[in-house]
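Peer 1: Quick one: structure below, then a few questions.
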Amino acid sequence: EGDAPFLVLNGDMCLDLDVAGLVARHRARGALITLALRDDPRKREFGSIGYDADGDVRRITQRIDRSGEKGSGLFIGVQVMESAIFARMPVSERFEIIPEVWVPVLESGGRIASFLQAPGARWWPVGSPAELLDANLAELDVAAGAAGVRVAPTSRVEGEVIGPAWIGADAVVERGARVGPHAVVSRGAGVGAGAQLERALALPDARAAAGARLSRAVAFADEVWRDG
């Protein structure tokens, strides 16, 4: 609503970001769009965004190059946009934002600014089951500690929990089950009697069947994804 800039975040990632700094940068440059970037070797895999000495975008992967590039970064799925961008979007239920919005903005002389994520700040994609599992296990070490166990007060734990492990609200670990080390049981998930979860993730409301053995696995609903 109104003319205020707005924030757009991709849903398949985890990150640490100074959002206030991003918005301040956007306002200072008077940009139509400002992209959050990071200096990351993965830009060779995902494609990079090139910017000039003022931080304004000059190149978008191999799609457009306006010259004057002084540095480049990996787009981390966060951008600030002005409401005027809606007038530049295709009248279509679906469209691709890079070729159908970003590229035309640069072609028409519009300003797309960049904002670099702070060195050492974290960013990792979670668009695949393996990535989602790895992200949860990495965060588990931070949230629960090297050998810690976090158990929500509304959960019911009758089995064994070995840290690091996380048991979410309203989760159930039945008698004879073993959770951990390195396991996350999300809100409302259930681990059946005799089941074992190690280096595994049970998503919200998932059910690990009685006697199941989950290692490098993600439980969702009544199904299980296994890594390899």
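The values are calculated or read from the model by the stated rules, or taken from the named source; none is laboratory data. What you see is a predicted model; the values in this text were computed from it and never measured. Note: ideal-geometry Cβ built from the backbone for every residue, glycine included; neighbour counts use all protein chains shown. These area figures cover heavy atoms from the full protein model, side chains too; ligands, DNA and RNA do not enter into them. Shrake-Rupley method; radii C 1.70, N 1.55, O 1.52, S 1.80 Å.
Peer 1: With the requirement that a residue be open to solvent by 10 Å² or more (accessible area, probe 1.4 Å), assigned to a loop (DSSP other than H, G, I, E, B) and either of a type in the set (G, A, S) or at pLDDT below 95 (or both), what does the stretch 200-215 give you? Before you say what the answer is, go through the steps one by one.
Peer 2: Just the residues of the stretch 200-215 that are open to solvent by 10 Å² or more (accessible area, probe 1.4 Å), to begin with: 203-205, 207, 209-213, 215.
With assigned to a loop (DSSP other than H, G, I, E, B) added as a condition, the list becomes 203-205, 209-212.
Listed by number, the residues that qualify are A209, A210, G211, A212.
Peer 1: Also, I was wondering about something else. Applying the selection to the stretch 80-93, what residues are outside any loop (DSSP other than H, G, I, E, B) and either open to solvent by 50 Å² or more (accessible area, probe 1.4 Å) or small (G, A, S) (or both)?
Peer 2: S83, A84, F86, A87, R88 - these are the residues of the stretch 80-93 that are outside any loop (DSSP other than H, G, I, E, B) and either open to solvent by 50 Å² or more (accessible area, probe 1.4 Å) or small (G, A, S) (or both).
Peer 1: Any chance the stretch 94-101 includes a residue that's of a type in the set (V, I, T), open to solvent by less than 20 Å² (accessible area, probe 1.4 Å), within 23 Å of L22 (Cβ to Cβ) and not in a loop (DSSP other than H, G, I, E, B)?
Peer 2: Yes.
Peer 1: For the stretch 105-122, which positions are open to solvent by 40 Å² or more (accessible area, probe 1.4 Å) and either farther than 25 Å from R38 by Cβ or part of a loop (DSSP other than H, G, I, E, B) (or both)?
Peer 2: Here is the first cut: in the stretch 105-122, the ones open to solvent by 40 Å² or more (accessible area, probe 1.4 Å) are 107-109, 111, 116, 118-120, 122.
Residues satisfying the conditions are E107, S108, G109, R111, A118, P119, G120, R122.
Peer 1: Of everything in the stretch 217-227, what is over 13 Å from V191 (Cα atoms) and either open to solvent by 60 Å² or more (accessible area, probe 1.4 Å) or among the hydroxyl-bearing types (S, T, Y) (or both)? Give them in sequence order.
Peer 2: Kept after step one, since they are over 13 Å from V191 (Cα atoms), are these residues of the stretch 217-227: 217, 225-227.
Result: W225, R226, D227.
Peer 1: Write out, first by first residue and then by second, each pair whose Cβ atoms fall under 6 Å of each other, whose residues are 6+ apart or on separate chains, and whose first residue, in the stretch 211-227, is of a type in the set (S, T, N, Q) while the second is open to solvent by 40 Å² or more (accessible area, probe 1.4 Å).
Peer 2: So the pair list comes out as S215/E198; S215/R199.
Peer 1: Just to check your reading of the model, which residue among V151, V161, V126 is within 27 Å of L17 (Cα to Cα) and of a type in the set (A, V, I, L, M)?
Peer 2: Sole residue among the options that is within 27 Å of L17 (Cα to Cα) and of a type in the set (A, V, I, L, M): V126.
Peer 1: Further question: For the stretch 38-66, enumerate the residues that are of a type in the set (G, A, S), at negative phi and not in a strand (DSSP E or B).
Peer 2: S48, A53, listed by residue number.
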